Amino acid sequence: MFLRRFTGVCFLVLAIVLFASFSMVEAVEEPDFPDEIEGEHELTFWSWMPGVEEAVEAFEEKYPNVTVDHENVGVGPDHYDQLMTVIAAGDGAPDVTMMEYGYLPQFIDTGGIKEIGQFGFDEYEDYFLDWTWDSVVRDGEIYAIPWDQGPNAFMYRQDLFEEAGIDELPSTWEDFREAAEQLQEYHGDDVYIANFDTSSRDEFQSYPWQAEAQWFTEEDGTWTINISDPETQMVAEFWGEMIEDGLISTHDNDPDYIAALSDGEIAGQLAPSWEPALTADEVPEQEGKWRIEHMPQWEEQDELVSSNWGGSTTAVTTQSESPEAAAIFARWIATSKEANEIHFEAGGSFPVTHYGLNMEILYEPDEFYGGQVLTEIYEEAAEGVPDWQFSPWTTHVDEAFEMAFAQAVDGDIGWIEALELMEEEIEREAEFGGYDVIVD
């Protein structure tokens, strides 16, 4: 996956998203942090988040008896490879590490991540969006603090839609297909309602997540794999037919994608909360032409259902010699309003707490999007994200997806066959790793 999307997907960085007005979520006050941390402590913290140095300095000013040594050991695989190495060695791990939701189960299973509910963190569940909290809990035990998220919406070229007689983004995916046909009838076959990166498991996963599929579930130590469930089959067939009928483009996130975007060939894009700023930076000449709206729904309904793409947590390792101080730091750096404001200004990190979503800094009109207040969309989207359980094999899921869907795009296998092939590959890797698995 190219750096443009990989950076946004995994880390919600580079997105200086401008938002405005007052939040409509429940007004929950920030829970108190301790006035002091007893004793002298030296902590190490691994993170790639922009602006984190400033947040660390603010923490040290609040707790002058705690010194935090921040290290950026790499992005994505580089970070996780080093972390896995030091955990396996039993020495050299940081006290606190940044950890994406999708990788947390894998590191929990190494025994290298400390359970932090013992420090009273079970009291904070109600402050978080449900799915983010559920993602850090295993068998009632808390292994990390949710930090940020990437709720999904849809961005589209309002001018191209209106010229084709489409006044707004369709409300259902069925209507979305009809709009794709209408766009091409007016603009020609080289204008697509969306781009679909067929190499991105994160993008594809967003759609069955919205359809309330559940690829992985764990009970009593046994994992059930169910990637070819009816919801995911529906999604695969829908997008597969859109590809086969030439209604969407299938660029990877590379210079060809940017060129197509610039040329007006791409009229829409799945847009996690970090995406709008990237697009504004890539095609500044299109200011005022784009709009953000909620994802179309799989069926007409009153309650909005969205999904998520991206986001991270902070976790304490079992090698920490100051686990309670480390846990307080992990919560502060991820959820304090002071830190959240720093992270948002530096990199567009979108908060995961109800009180964080009330911060006024999130709410300013964005002129690139016609003066829309983008958080009014993304806040509602975040509240509409269903639960999703990640597996301990995220790396293998990515590899299996890329392999299977490349064959489907080439026409070598069908879209349902691609899902079944994914299941087979993941089952093989899981069993090789010693897991008890069932394919449903």
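The values are calculated or read from the model by the stated rules, or taken from the named source; none is laboratory data. Bear in mind the structure is a predicted one, so any value in this text is a computation, not a measurement. Quick reminder, even Gly has a Cβ in these numbers, built from the backbone with ideal geometry, and neighbours come from all protein chains shown.
If only residues of region 156-194 that are assigned to a helix (DSSP H, G or I) and polar (S, T, N, Q) are counted, the one that is farthest from Val283 (Cα to Cα) is Gln182. Taken together, Glu285, Glu300, Glu324 contain a single residue that is of a type in the set (D, E, K, R), modelled with pLDDT under 95 and either surrounded by fewer than 24 Cβ atoms within 10 Å (Cβ to Cβ) or in contact with a Phe, Trp or Tyr (Cβ under 6 Å, 6 or more places away or on another chain) (or both), which is Glu300. Scanning region 51-74 for residues that are surrounded by fewer than 20 Cβ atoms within 10 Å (Cβ to Cβ) and under 22 Å from the mean Cα position of the chain (by Cα) gives Gly51, Asn72, Val73, Gly74.
Annotation for region 163-185: no member residue is small (Gly, Ala, Ser), surrounded by 19 or more Cβ atoms within 10 Å (Cβ to Cβ) and under 30 Å from Ile328 (Cα atoms). Scan region 186-202 for residues that are acidic (Asp, Glu) and crowded, with 20+ Cβ neighbours inside 10 Å and the total you get is 2. Within region 160-211, the set of residues being at pLDDT 95 or above and of a type in the set (Val, Ile, Thr) comprises Ile166, Thr172, Val191, Ile193. Residue check: Asp81 meets all listed conditions (1) farther than 19 Å from Ala346 by Cβ; (2) in a helix (DSSP H, G or I); (3) acidic (Asp, Glu); (4) in contact with a strand residue (DSSP E or B) (Cβ under 9 Å, 6 or more places away or on another chain) but one, namely (4). Scan region 75-126 for residues that are touching a residue at least 60 places away in the same chain (Cβ under 8 Å), on the phi > 0 side of the Ramachandran plot and more than 22 Å from the chain's Cα centre (by Cα) and the total you get is 3. The single condition among (1) surrounded by 17 or more Cβ atoms within 10 Å (Cβ to Cβ); (2) among the aliphatic types (A, V, I, L, M); (3) over 20 Å from Glu212 (Cα atoms) that Ala381 does not satisfy is (3).
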